[in-house]
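A short worksheet on the structure shown next.
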Amino acid sequence: MSLETISHAAELISLADSYGAHNYRPLPVVLDRGAGVWVWDVDGKKYLDCLSSYSALNQGHCHPRLVAAMRRQSEKLTLTSRAFHNSELGPFLKELVELCGMEMALPMNSGAEAVETAIKTARKWGYTKKGVAADAAEIIVFENNFHGRTTTIVGFSSEPQYRAGFGPFTPGFKLVPYGDIEAVRRALGPNTVAVLVEPIQGEAGVIVPPAGFLRELRETCTAHNVLFIADEIQTGLGRTGRLFACDHDDVKPDMYVIGKALGGGFYPVSAVVSSKEILGVFQPGDHGSTFGGNPLACAVAREALRVIVEEKLPERAAQMGAYFRARLRELHSPHVLEVRGQGLLIGVELKKTSGPARPFCERLMHLGVLCKETHDSVIRFAPPLVIDRSEIDWALAHVHQVLS
């Protein structure tokens with residue numbers, strides 16, 4: 001790396017540190033361009049992206065079909081607000097709803113906005129359909145959850161840092177241990193309107209629930225007239241080897257919350273997808289978004305969904321993920337406690353004696369593999385779903401070097 005480029009990279013990092021709030025601690029690499037599973041820094045050094053922007057890049061960086069879709073639509077019409085119809089919204093909603101096997105969708109922008117929308121939906125459904133008394137609705141959530149960063153959402157987090165300094169918080173949530181169906185049943189009451197669950201907890205360290213848990217949760221919700229809300233923002237759209245992580249247990253929720261890969265890494269697009277009975281509780285003026293459902297977002301999302309289906313990305317994730325996990329387990333590293341996950345959402349938990357995961361991620365970065373620690377002791381590997389076996393082998397050679 002030249003002194004000139006070192007200076008340029010350092011200057012760019014310094015600018016971000018000087019003028020940006022310090023709510024992130026990124027690895028010290030300045031990325032400049034990307035294609036497929038690869039990215040390049042400002043010095044031209046090549047890296048394999050094993051984070052995929054937290055699964056927003058299932059289709060890979062700068063997929064040519066998505067570039068073309070964005071360019072096409074950006075030259076035609078980008079924003080109308082929902083004060084008017086636009087020519088992309090209806091087709092997008094129809095294609096999304098049919099892919100999900102649902103009846104109706106409500107488009108938003110970020111994942112957190114979609115979760116907030118799901119919470120509002122569940123509460124309004126509880127009051128108008130289930131007959132819960134006004135302002136008494138309760139939603140069951142799980143320890144170590146991550147559903148976003150809004151004040152309401154962090155209020156029902158079990159992570160102290162997410163909550164510290166941000167209260168007072170919105171009431172109406174019951175926190176129970178993840179994967180514990182008996183705890184769910186004990187928490188149920190006449191005012192319970194929904195259970196909000198990640199089929200796999202990504203930010204918690206890629207925690208896969210016990211076999212059968214989602215099925216039992218589905219049956220319990222049905223028996224008690226409670227909505228099953230699946231937050232598939234990170235796990236959905238092919239990441240775990242099926243279109244949705246719930247599909248592994250043949251479970252259909254009452255509501256999908258999706259985002260990230262819905263925009264293909266080009267644009268923030270999210271949605272709540274459900275039935276007409278549930279999303280039909282909204283009347284004009286109840287909820288909205290200036291940018292939600294804008295024509296540029298819809299055009300990009302339509303192409304993002306086509307790429308997932310036509311390039312068989314869930315099937316690729318299943319095959320490549322099984323291979324990646326098997327090879328990781330074969331490393332027999334003295335640092336590794338457990339390798340877990342589904343598809344290409346993989347967590348490598350380190351032993352306490354090995355210290356935190358970040359130094360391992362920093363060493364991998366210097367070798368050309370970009371990943372990120374989560375929950376201090378877990379290295380998450382979640383490359384774009386377009387990755388092939390030779391690229392996995394390339395990454396594994398460096399992982400072996402660092403972990404052994």
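The values are calculated or read from the model by the stated rules, or taken from the named source; none is laboratory data. Since the structure is predicted, the reported quantities are computational estimates derived from the model, not experimental observations. Every residue, glycine as well, gets a Cβ built from its backbone with ideal geometry; the counts of neighbours run over all protein chains shown.
With closer than 16 Å to residue 230 by Cα and either charged (D, E, K, R) or in contact with a Cys (Cβ under 9 Å, 6 or more places away or on another chain) (or both) as the only criterion, which of 120, 124 stands out?
On the way: 124 fails: closer than 16 Å to residue 230 by Cα.
Sole residue among the options that is closer than 16 Å to residue 230 by Cα and either charged (D, E, K, R) or in contact with a Cys (Cβ under 9 Å, 6 or more places away or on another chain) (or both): 120.
For region 247-257, the count of residues that are buried (at least 21 other Cβ atoms within 10 Å of the Cβ), acidic (Asp, Glu), farther than 26 Å from residue 61 by Cβ and modelled with pLDDT of 95 or more is at least one.
Tell me whether region 205-214 contains one or more residues that are under 15 Å from the mean Cα position of the chain (by Cα), more than 16 Å from residue 181 (Cα to Cα), surrounded by fewer than 24 Cβ atoms within 10 Å (Cβ to Cβ) and outside the structural domain of residue 374 (by TED's automatic domain parsing). Steps first, please.
Taking region 205-214 first, the residues under 15 Å from the mean Cα position of the chain (by Cα) are 205-208.
From what's left, more than 16 Å from residue 181 (Cα to Cα): 205-206.
Then keep just the ones that are surrounded by fewer than 24 Cβ atoms within 10 Å (Cβ to Cβ); that gives 205.
Adding the requirement that they be outside the structural domain of residue 374 (by TED's automatic domain parsing) leaves 205.
Within region 205-214 (the criterion being under 15 Å from the mean Cα position of the chain (by Cα), more than 16 Å from residue 181 (Cα to Cα), surrounded by fewer than 24 Cβ atoms within 10 Å (Cβ to Cβ) and outside the structural domain of residue 374 (by TED's automatic domain parsing)), the answer is yes, since at least one residue qualifies.
Can you give me the number of residues within region 26-57 that are over 20 Å from residue 317 (Cβ atoms) and of a type in the set (Ser, Thr, Tyr)? The number of residues fulfilling the criteria is 1.
Residue-by-condition table, conditions (1) surrounded by fewer than 18 Cβ atoms within 10 Å (Cβ to Cβ); (2) assigned to a loop (DSSP other than H, G, I, E, B):
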residue: 44; (1), (2): yes, yes
residue: 58; (1), (2): no, yes
residue: 69; (1), (2): no, no
residue: 72; (1), (2): yes, no
residue: 91; (1), (2): yes, no
residue: 94; (1), (2): yes, no
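Taking the conditions (1) surrounded by fewer than 22 Cβ atoms within 10 Å (Cβ to Cβ); (2) of a type in the set (S, T, N, Q); (3) farther than 28 Å from residue 343 by Cα in turn, residue 220 satisfies each one other than (3). A count restricted to region 128-168 and to residues that are more than 24 Å from residue 235 (Cα to Cα), of a type outside the set (Lys, Arg) and touching a residue at least 60 places away in the same chain (Cβ under 8 Å) stands at 2.
Taking the conditions (1) touching a residue at least 40 places away in the same chain (Cβ under 8 Å); (2) crowded, with 19+ Cβ neighbours inside 10 Å; (3) in the same structural domain as residue 31 (by TED's automatic domain parsing) in turn, residue 388 satisfies each one other than (2). Only one of the listed residues (316, 340, 306) is surrounded by fewer than 22 Cβ atoms within 10 Å (Cβ to Cβ), outside any helix (DSSP H, G or I) and within 20 Å of the chain's Cα centre (by Cα). That residue is 340.
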